[in-house]
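As structure tokens, the structure follows; a few thoughts come after it.
The values are calculated or read from the model by the stated rules, or taken from the named source; none is laboratory data. Please read these numbers as outputs of a predicted model, since none were measured by experiment. These area figures cover heavy atoms from the full protein model, side chains too; ligands, DNA and RNA do not enter into them. Shrake-Rupley method; radii C 1.70, N 1.55, O 1.52, S 1.80 Å.
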Amino acid sequence: MLMPLPARLHELFTHYEALLAEEDLGTGAPDPRLADLAYTLCVSTGTRDITHALEAARAYLATSDSTAPVAPVNRVLPSASHTPQLAWPRGFSRLPAR
């Protein structure tokens with residue numbers, strides 16, 4: 001099974017725990033980011049339940065180096081003018097327009 005970078009998993013885990021603590025304080029309406037983080041943690045750990053995802057994350061982080069640097073998430077992608085054009089392989093053509 002593929003696992004996320006330990007530093008990224010640690011970031012997701014700590015962010016989830018912080019939002020959960022804020023929600024436990026009764027700060028108002030539930031934060032939609034909490035549900036998003038729960039989903040991401042479940043996908044990242046290959047589980048279907050946030051309880052199991054947190055257990056898996058704790059176990060994985062206990063055996064790995066979660067302090068390794070992580071590349072920034074917000075990268076600038078190249079503009080369309082710098083994107084290489086892909087050609088159809090020889091012998092293939094586009095489907096006719098309808």
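One table, with the values for the structure above:
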| quantity | calculated |
| --- | --- |
| Relative contact order (%) - the stretch 6-66, alpha-carbon pairs under 8 angstrom, separation at least six | 46 |
| Rounded, prolate or oblate (a/c below 1.5 giving rounded, otherwise prolate when a/b exceeds b/c) for the stretch 1-64 by Cα gyration tensor | prolate |
| Full-stretch length increase - Glu11, Arg33 - with 0.36 nm per residue and alpha-carbon distance subtracted | 6.5 nm |
| With every protein chain in place, the stretch 6-66: carbon and sulfur % of accessible area (1.4 Å) | 56 |
